[in-house]
């Protein structure tokens, strides 16, 4: 048991780094994922992940596999797409799903064009699919900073964010926070996806954001427990994924996301608001 | 003349250059209880949005008392009923004007939320998820939120829709309580019997005010007939509406009885002073 669960982390520094990095990511991106899900923006996360890819790839092509330029590139691409799509949906009749799709497709095509012009590389696979087992100190620091910023921002804007989700028109009638809080939230999404791509790749980082959130939805009807549970599910997935990856020589990123996927599928069936419970309990009723 | 809670100065509100409320002038007295009536599409909800400030005027302005708190209950609320919130969370949103983004909720705040729920007959519902409420229960909860907001000016847009008779009675009692507390209350209502029984003042709207004043006077048959003849439709080739007194930098504004606008939102010229567009009954003491 010790050999299976503890030894890999005790014996190898790269496993410890991977563990710290992915746990910090879970702490940071799972709450963001819960809000994304509750705002029916789950696919927005996916679109944003695609939008970030060209920026990160550009940084990679210009400066090689270095964390700072790739992160900055990803941030710029993500912010441009988020602001552009958000602004179009706020100030025109077009809804956010359509404007988001338009902007991320433009961004993605631009990125693919740039990559093909500059020639591809095996290392680019790292951008796409991540290297959680090769997180260096710079990357860990970055993830730590992103986690701190995210938790601090969520704590400050919590009430506005909840009000904006629950009753946006009310928030607009009592304060001017409505539009700013929406953009702050989108910025957090971008930040967490950028933080995640070091570890999981641009395409899979959204998985650690959305799957634990989607799974937690089946267990509770309260926001705070839902977020705590999402973080827990995310953390368990990270540990499980890393161990599976270590023992069976599988790529770590997909192993983490698939672990979360298994928990999600189990939650659909067994959750307190899942299939079994709602079916079984449906015919039993109280007198009032 | 009593002190005004709200003053409209040549207020025009609308969408895509078509006015929904056209050149409204007048004021709402502080502590008054006004029903807003009119056919569908006559600008009632638009007027409320303009007063709250979620819709920018095309021209003219709404002047509020300094520091007056406004509570607004929209007709089509944008509440996400699937959001994992309890009744108490929803009602506590009403504490926003008092506590803002970061202020802590005190024991007193929590007591005011419980008292409000009790006042709308929903004690014991605190912990219920909002997606389990019926339409009428949700409306009561929203009235509780208005109570918690403790506002000077209360705007209710068709609050009696899809609500049973008992609930209507309870809600009317609350409105009268607010009126008794010298708050200014404006309510969009369709049931004219309700208006005649409970509302001292009425604004009859059909894009422009048809009549505005004492309820019995406003709801006279000839006024109602005039409102009923109101043409709800826009037409895209309607002539521009010109403001005669500001010829130098006028918003084009021609009247042909159907009143269409092309106000430029980025144009910062305003009609200064009272415009020459006083329509029948648009002024009010």
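The values are calculated or read from the model by the stated rules, or taken from the named source; none is laboratory data. Worth saying up front: this structure is predicted, and the values here are computed from it rather than measured. Positions of Cβ are backbone-derived with ideal geometry, glycine not excepted, and every protein chain shown enters the neighbour counts.
Points worth noting:
- Whichever residue in region B:128-137 is touching a helix residue (DSSP H, G or I) at 6+ places or on another chain (Cβ under 8 Å) and part of a helix (DSSP H, G or I) and, among such residues, is farthest from the other protein chains (Cβ to nearest Cβ): B:136
- Only listed residue being over 15 Å from the mean Cα position of the chain (by Cα), modelled with pLDDT of 95 or more and not in a loop (DSSP other than H, G, I, E, B), chosen from A:235, A:266, A:213, A:260: A:266
- Residue count, region B:33-55 (criterion: closer than 23 Å to residue B:214 by Cα and touching a helix residue (DSSP H, G or I) at 6+ places or on another chain (Cβ under 8 Å)): 7
- Within region B:87-102, the residues that satisfy the criterion of being more than 9 Å from chain A (Cβ to nearest Cβ) and more than 12 Å from residue A:163 (Cβ to Cβ) are B:87, B:88, B:91, B:98.
- Any chance residue B:83 is surrounded by 14 or more Cβ atoms within 10 Å (Cβ to Cβ), more than 9 Å from chain A (Cβ to nearest Cβ) and not in a strand (DSSP E or B): no
- Checking the stated criteria, residue B:125 turns out to be assigned to a loop (DSSP other than H, G, I, E, B), surrounded by 20 or more Cβ atoms within 10 Å (Cβ to Cβ), free of Cβ contacts under 8 Å to residues at least 40 places away in the same chain and in contact with a helix residue (DSSP H, G or I) (Cβ under 8 Å, 6 or more places away or on another chain).
- Among the conditions (1) in contact with a strand residue (DSSP E or B) (Cβ under 6 Å, 6 or more places away or on another chain); (2) modelled with pLDDT under 90, the only one that residue B:46 does not satisfy is (2).
- Total residues in region B:60-80, condition closer than 30 Å to residue A:227 by Cβ and part of a loop (DSSP other than H, G, I, E, B): 6
- Selection within region B:149-178: residues that are touching a residue at least 60 places away in the same chain (Cβ under 8 Å) and more than 19 Å from residue B:117 (Cα to Cα). The member of this set that is nearest to the other protein chains (Cβ to nearest Cβ) is B:155.
- Region A:145-179, subset farther than 30 Å from residue B:131 by Cβ and surrounded by fewer than 16 Cβ atoms within 10 Å (Cβ to Cβ), residue farthest from the other protein chains (Cβ to nearest Cβ): A:145
- Candidates B:7, B:46 - the one that is part of a strand (DSSP E or B), touching a residue at least 12 places away in the same chain (Cβ under 8 Å) and assigned by the TED database to the domain that holds residue B:174: B:7
- Test for residue A:272: is it in a loop (DSSP other than H, G, I, E, B) and within 14 Å of chain B (Cβ to nearest Cβ): yes
- The set of residues in region A:180-195 being crowded, with 19+ Cβ neighbours inside 10 Å and either within 12 Å of chain B (Cβ to nearest Cβ) or not in a helix (DSSP H, G or I) (or both) consists of A:181 alone.
- Yes/no for residue A:207 being more than 14 Å from chain B (Cβ to nearest Cβ), free of Cβ contacts under 8 Å to residues at least 60 places away in the same chain and crowded, with 20+ Cβ neighbours inside 10 Å: yes
- Output for region A:221-232, where each listed residue is within 14 Å of the chain's Cα centre (by Cα) and away from chain B (no Cβ under 14 Å): A:231
- If you go through region B:56-84 and keep only what is in contact with a helix residue (DSSP H, G or I) (Cβ under 9 Å, 6 or more places away or on another chain) and farther than 21 Å from residue B:145 by Cβ, you end up with B:56, B:57, B:62.
- Failed condition for residue A:251, given (1) in contact with a helix residue (DSSP H, G or I) (Cβ under 7 Å, 6 or more places away or on another chain); (2) under 30 Å from residue B:148 (Cα atoms); (3) surrounded by fewer than 21 Cβ atoms within 10 Å (Cβ to Cβ): (2)
Residues checked against (1) closer than 30 Å to residue B:241 by Cβ; (2) surrounded by fewer than 21 Cβ atoms within 10 Å (Cβ to Cβ); (3) at pLDDT 90 or above:
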site	(1), (2), (3)
B:54	yes, yes, no
B:64	yes, yes, no
B:68	no, yes, no
B:72	yes, no, yes
B:75	yes, yes, no
B:98	no, yes, no
B:104	no, yes, no
B:111	no, yes, yes
B:117	no, no, yes
